[in-house]
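K.L.:
Got a structure for you, questions after.
The values are calculated or read from the model by the stated rules, or taken from the named source; none is laboratory data. As the structure is a prediction and not an experimental result, all values here were calculated from the model. Neighbour counts run over all protein chains shown; Cβ positions are idealised from the backbone, glycine included. Calculation scope for accessible area: heavy atoms of the full protein, side chains included, ligands and nucleic acids excluded. Shrake-Rupley method; radii C 1.70, N 1.55, O 1.52, S 1.80 Å.
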Amino acid sequence: MPKKHLKEYHEHTTIPFPTGFLWGAATSAHQVEGHNIYNDWWEWEQRRPRQLRSGSACDQYHLYETDFDLAKELNHNAHRLSIEWSRIEPREGEFNISEIDHYKAVLKSLKDRGLTVMLTLWHFTLPKWLSDKGGWENSQAPYYFERFVQRIVPEIGEYIDLWVTINEPGVYIYKAYIERVWPPARKSLFGLIKTYLNLVSAHKKAYHFLHQSFPAGKPVGMANNIMSFEPYHKHSLTEQLAVILNDIFTNHLFYFLTQGTHDFLGINYYFHARFRHKGLIPETVGSSPQTHDVSDLGWEIYPEGIFDVLTDLSDEVPIYITECGIASTNDDRRNRFLITYLQEVARAIKIGVNVRGFFYWSLIDNFEWSLGFDPRFGLIEVDYQTQKRHIRPSAKVYSEIIKHNGIPHTLLGFIGHSAQADKILDKLHHYEKKVKFK
Ligand code: NOJ
């Protein structure tokens with residue numbers, strides 16, 4: 001390399017993040033704990049092929065200290081996790097003290113390691129007794145949730161820094177009522193609407209109770225799946241209309257219905273969609289490895305999208321990226337993902353968006369709902385035969401970013417050089433994976 005280039009290289013510094021930025025990873029109880037036998041998912045899974053059942057999952061119920069040690073070793077200063085309602089209230093109105101004690105121990109062990117704790121109160125699973133009564137379609141469901149929240153919050157409150165009431169209501173109704181690949185898998189527009197409105201009400205009730213309980217302030221929000229949308233042809237009115245409608249329903253409706261009950265916006269960012277008209281009705285254009293860089297699940301890798309949604313939702317309340325991650329068995333791809341997405345987050349912060357934290361999904365490989373264990377989202381690989389954890393190189397890249405509280409330029413150089421070759425290899429890889437997921 002000519003001298004001049006070397007000099008320029010060293011003159012570059014780190015792309016900075018704000019002081020006090022939260023860096024961590026996220027998980028949810030049913031996806032990592034194992035043996036959540038009292039919930040609706042467990043029941044649902046028993047009707048599915050063995051490889052699609054959660055079983056012992058990552059056995060984090062027993063191995064949480066191992067996992068939290070790893071998070072600490074990797075420089076994380078925060079962690080997002082959820083508690084499992086069905087363990088705490090396995091039968092209607094009966095609360096299990098030893099499970100409450102278990103969660104106290106789990107949360108205390110995060111605090112003992114100096115991690116900021118973000119806790120989700122509901123992440124997709126329902127106690128079986130409630131799903132037997134119609135789940136979120138039952139008009140009493142928000143009250144049952146409120147009762148659970150009122151019982152558990154005083155017990156664990158001292159360990160929690162940030163509360164997430166509910167996770168991705170829009171994805172839940174889509175998977176359960178439109179795709180019908182998640183319980184209750186019902187075809188019912190009425191049920192869908194009722195569920196959505198009851199989730200709105202559940203969020204509000206939890207928000208108000210948490211505010212009453214901690215008047216000194218522990219921020220409360222929810223985690224929303226936010227997508228970036230684009231028309232295929234900029235001049236097409238029907239495609240533009242499709243963008244507007246999808247943006248309203250996916251990204252804004254829940255916030256609109258719950259106005260005034262968000263101390264922060266929790267954003268889960270995974271998806272970018274383009275609309276292309278076929279006849280009158282626009283459809284989403286599928287991403288394929290021939291046309292786009294995609295994850296093992298075929299989800300397009302589109303870093304600019306996170307910039308778009310952050311700037312779009314920039315508001316008076318702060319934003320936490322409560323989830324963002326990639327399913328990939330190619331860890332180079334995860335490196336590129338982390339660096340390029342975080343570059344976009346930094347760009348948004350630079351122009352004034354108040355982003356306060358980033359939680360990579362996920363700390364460890366885990367149970368990806370109807371897709372079972374094949375998708376590998378983890379910074380840490382899990383060997384499901386032995387429950388051994390293996391730190392992936394990307395976990396170290398992330399750890400390096402955290403150490404610098406920003407992206408060192410050396411990492412950008414590395415990514416630039418390896419990108420082309422990897423892209424080709426990855427595409428080959430994707431074809432092998434695709435066969436598996438079909
Ligand atoms: C968001 C959900 O909250 C989480 O449960 C899921 O595993 C990830 N998306 C990846 O699909």
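K.L.:
Scan segment 145-172 for residues that are among the aliphatic types (A, V, I, L, M), outside any strand (DSSP E or B) and within 16 Å of the ligand (Cβ to nearest atom) and report the count.
P.N.:
So the answer is 1.
K.L.:
Inspect segment 228-239 for any residue being in a helix (DSSP H, G or I), away from the ligand (no atom under 16 Å from the Cβ) and touching a residue at least 40 places away in the same chain (Cβ under 8 Å) and give the result as yes or no.
P.N.:
Taking every residue of segment 228-239 in turn, at least one turns out to be in a helix (DSSP H, G or I), away from the ligand (no atom under 16 Å from the Cβ) and touching a residue at least 40 places away in the same chain (Cβ under 8 Å).
K.L.:
Do we find a residue being within 21 Å of the chain's Cα centre (by Cα) and within 25 Å of residue 327 (Cβ to Cβ) anywhere in segment 234-246?
P.N.:
Checking segment 234-246: at least one residue is within 21 Å of the chain's Cα centre (by Cα) and within 25 Å of residue 327 (Cβ to Cβ).
K.L.:
Shifting gears a bit: Tell me which residues, restricted to segment 322-335, are more than 12 Å from the ligand (Cβ to nearest atom) and not in a loop (DSSP other than H, G, I, E, B).
P.N.:
331, 332, 333, 334, 335
K.L.:
Next up: Six or more apart or on different chains, Cβ atoms under 7 Å: show the pairs whose first residue is in segment 2-26 and aliphatic (A, V, I, L, M) and whose second is at pLDDT 95 or above and open to solvent by 80 Å² or more (accessible area, probe 1.4 Å).
P.N.:
So the pair list comes out as 22/356.
K.L.:
Output the qualifying pairs, or none if there are none: Cβ atoms under 8 angstrom, residues six or more apart or on different chains, first residue in segment 327-347 and on the phi > 0 side of the Ramachandran plot, second residue among the β-branched types (Val, Ile, Thr) and within 16 Å of the ligand (Cβ to nearest atom).
P.N.:
Within 8 Å, no pair qualifies.
K.L.:
Then there's this: Within segment 110-125, restricting attention to residues that are away from the ligand (no atom under 16 Å from the Cβ) and open to solvent by less than 10 Å² (accessible area, probe 1.4 Å), which residue is nearest to residue 210 (Cα to Cα)?
P.N.:
Here the residue is 117.
K.L.:
Quick check on residue 62: is it surrounded by fewer than 18 Cβ atoms within 10 Å (Cβ to Cβ) and outside any helix (DSSP H, G or I)? First the steps, then the outcome.
P.N.:
Working: surrounded by fewer than 18 Cβ atoms within 10 Å (Cβ to Cβ): yes; outside any helix (DSSP H, G or I): no.
When the stated conditions are applied, residue 62 does not pass them.
K.L.:
Go through segment 179-201 and report how many residues are within 16 Å of the ligand (Cβ to nearest atom) and either open to solvent by 30 Å² or more (accessible area, probe 1.4 Å) or within 23 Å of residue 261 (Cα to Cα) (or both).
P.N.:
3
K.L.:
To continue, here is another question. On the given criteria, is residue 55 at pLDDT 95 or above, in contact with an Asp or Glu (Cβ under 9 Å, 6 or more places away or on another chain) and surrounded by fewer than 21 Cβ atoms within 10 Å (Cβ to Cβ)? Lay out the reasoning, then the answer.
P.N.:
Values: at pLDDT 95 or above: yes; in contact with an Asp or Glu (Cβ under 9 Å, 6 or more places away or on another chain): yes; surrounded by fewer than 21 Cβ atoms within 10 Å (Cβ to Cβ): yes.
So residue 55 passes the test.
K.L.:
Can you tell me which residues in segment 285-302 are more than 16 Å from the ligand (Cβ to nearest atom) and surrounded by fewer than 20 Cβ atoms within 10 Å (Cβ to Cβ)?
P.N.:
Of everything in segment 285-302, those that are more than 16 Å from the ligand (Cβ to nearest atom) and surrounded by fewer than 20 Cβ atoms within 10 Å (Cβ to Cβ) turn out to be 285, 286, 288, 289, 290, 291, 292.
K.L.:
Quick check on segment 214-227: of everything there that is in contact with a Phe, Trp or Tyr (Cβ under 8 Å, 6 or more places away or on another chain) and within 16 Å of the ligand (Cβ to nearest atom), which residue is most open to solvent (accessible area, probe 1.4 Å)?
P.N.:
Across segment 214-227, the extreme among qualifying residues is 227.
K.L.:
Would you mind stating whether residue 344 is in contact with a Pro (Cβ under 9 Å, 6 or more places away or on another chain) and closer than 20 Å to residue 63 by Cα?
P.N.:
No.
K.L.:
Here's another thing I want to ask about it. Could you tell me whether residue 338 is within 18 Å of residue 359 (Cβ to Cβ), within 16 Å of the ligand (Cβ to nearest atom) and either outside any loop (DSSP other than H, G, I, E, B) or open to solvent by less than 20 Å² (accessible area, probe 1.4 Å) (or both)?
P.N.:
In short, yes.
K.L.:
Hey, another quick one. Kindly indicate whether residue 25 is modelled with pLDDT of 95 or more, within 17 Å of the chain's Cα centre (by Cα), closer than 19 Å to residue 320 by Cα and not aromatic (Phe, Trp, Tyr). If you could, list the steps in order and put the result at the bottom.
P.N.:
Values: modelled with pLDDT of 95 or more: yes; within 17 Å of the chain's Cα centre (by Cα): yes; closer than 19 Å to residue 320 by Cα: yes; not aromatic (Phe, Trp, Tyr): yes.
Yes; evaluated as a whole, the condition is true for this residue.
K.L.:
For residues that are aliphatic (A, V, I, L, M) and either under 26 Å from residue 169 (Cα atoms) or modelled with pLDDT of 95 or more (or both), scanning just segment 265-280, find the one that is nearest to the chain's Cα centre (by Cα).
P.N.:
267
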